[in-house]
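Any read-out appearing in this document is the output of simple, stated calculations on the displayed coordinates, not a laboratory observation. None of these values were measured; they are calculated from a predicted model. Glycine gets a Cβ as well: all are built from the backbone with ideal geometry, and neighbour counts include every protein chain shown.
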Amino acid sequence: MELWDLYNYDRQKIGKTHIRGVPIPDNCYHLVVRIWIQNDKGELLLSKRHPNKTYGGLWECTGGSVLTDENSLEGALRETWEELGLKLKPAEGKLLCSGIHDKSHWDHWLFTSNTTLDELWFQDGEVINAKWADRETYEKMLQNKEIVPTLSYFFNLIMA
């Protein structure tokens with residue numbers, strides 16, 4: 001059972017937890033992280049979603065919900081370890097931006113890592129593959145509808 005802290009619109013914890021899979025009450029939000037990993041060549045590390053998940057078979061950055069008593073950075077580090085077996089260092093990351101959408105507060109992190117694909121392992125039921133993609137490849141993948149459609153913004157985000 002996965003538990004999340006609940007927040008108000010202003011991102012203040014409201015002292016309640018929530019069980020994943022149960023509808024989030026009105027006027028409540030939970031915290032979600034997206035983790036973009038870029039190597040020294042400017043390539044992005046993308047993971048391929050398990051076919052049984054929403055957007056199954058499409059490529060994405062790592063991400064997920066922050067658990068009870070975690071902060072955003074801790075959630076980002078945990079999600080990356082769980083999904084890819086990649087231990088990121090907090091000093092290698094920076095918070096790009098935060099936002100709110102539907103019932104979620106979103107934090108977008110950018111980390112630097114030069115890990116090889118051979119060093120990764122994939123979480124059962126979540127990820128089935130990974131690859132490094134340069135900007136041109138990423139743009140082609142977007143055009144071919146190979147990337148989760150909500151992730152078209154990345155290069156605009158880091159170029160801002």
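So which residues in segment 94-123 are free of Cβ contacts under 8 Å to residues at least 24 places away in the same chain and acidic (Asp, Glu)?
Asp102, Asp118
Report, by residue number, each residue of segment 126-149 that is in contact with a Lys or Arg (Cβ under 6 Å, 6 or more places away or on another chain) and surrounded by fewer than 15 Cβ atoms within 10 Å (Cβ to Cβ).
Matches in segment 126-149: Asn129 only.
Of all strands (runs of 3 or more DSSP E) completely enclosed by segment 29-125, which ones contain at least 3 residues that are surrounded by fewer than 17 Cβ atoms within 10 Å (Cβ to Cβ) and at negative phi? It would help to see each step written out before you state the result.
Numbers: elements: 30-38, 44-49, 62-65, 93-101, 104-112.
It comes to 93-101.
Can you name every residue in segment 1-20 that is assigned to a loop (DSSP other than H, G, I, E, B) and touching a residue at least 12 places away in the same chain (Cβ under 8 Å)?
Met1, Glu2, Asn8, Tyr9, Arg11, Arg20
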